[in-house]
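The values are calculated or read from the model by the stated rules, or taken from the named source; none is laboratory data. It should be emphasised that the depicted structure is a prediction, and the values quoted were computed from it without experimental measurement. Quick reminder, even Gly has a Cβ in these numbers, built from the backbone with ideal geometry, and neighbours come from all protein chains shown.
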Amino acid sequence: MKVSAVLKMPKSVKKLTPFAQSVVTAMSDNASFPSPTPALATVSADIAALETAESAVLSRTKGAVETRNLKLATVRTDLEHLLAYAQQVADGNLTTAESVIQSAGMSVRKVTLHDRAPLAVKQGTPAGTAHLAAKAAGRRASYEWQYSTDQKTWTNAPSTLQAKTSVTGLTVGTTYAFRVRPVLASGEQNWTALVSIVMN
């Protein structure tokens, strides 16, 4: 279960400014959030600037709408950064993630994660082609692929930077076993469990 922080930002400036201030208040002196980015004082100043700009719009000051829109965009960006920060804190302790997010004045969305198999193999076209897809191991991972007909002698397929590849030229009617291992900055990881298919 993935617990995600959600900002239900009101569209109108009249409702957005008190909402933004409520998030600042909730995160202020909150032990879960020792170093918000941007600083809460900065966000409060941006909210105040938005309120001033909105007053100028209501007074029909020339050029006020453009200024207000810029201030509005700044506050929205501030809130999105605070959302990302709250999510980062929540991800650090999944058992308290929900309460941490709510303590920031934000809403919670729960998403069930479907665990992907370490390696999936499918028949492809033309005949003798296998499509391989691994579970992604990280942004900067590369992947080493191997296949075998006897699980003793292994043939290397070209390494990839993506968690998928295709192997062609395989013999129809022969059973092949496939495996993959991610290579991270820390080094080579373990080979996955074998996945075998009969080529057709």
Filter result for PHE33 (outside any helix (DSSP H, G or I), among the aromatic types (Phe, Trp, Tyr) and in contact with a helix residue (DSSP H, G or I) (Cβ under 9 Å, 6 or more places away or on another chain)): yes
Condition met for GLY173 (under 30 Å from the mean Cα position of the chain (by Cα) and more than 30 Å from LEU83 (Cα to Cα)): no
Candidate set: region 145-190, residues that are among the hydroxyl-bearing types (Ser, Thr, Tyr) and touching a Pro at 6+ places or on another chain (Cβ under 9 Å); chosen: the one farthest from THR129 (Cα to Cα): THR165
Breaking point among (1) under 30 Å from ARG116 (Cβ atoms); (2) surrounded by 14 or more Cβ atoms within 10 Å (Cβ to Cβ), for THR95: (2)
Only listed residue being surrounded by 12 or more Cβ atoms within 10 Å (Cβ to Cβ) and touching a Leu at 6+ places or on another chain (Cβ under 6 Å), chosen from GLY105, GLY128, GLY124: GLY128
Enumeration of residues in region 73-84 that are surrounded by 18 or more Cβ atoms within 10 Å (Cβ to Cβ) and either over 16 Å from LEU16 (Cα atoms) or out of contact with any Asp or Glu (no Cβ under 6 Å at 6 or more places or on another chain) (or both): LEU79, LEU82, LEU83
Residue match in region 13-26 (condition: under 28 Å from the mean Cα position of the chain (by Cα), surrounded by fewer than 16 Cβ atoms within 10 Å (Cβ to Cβ), modelled with pLDDT of 95 or more and not in a helix (DSSP H, G or I)): no
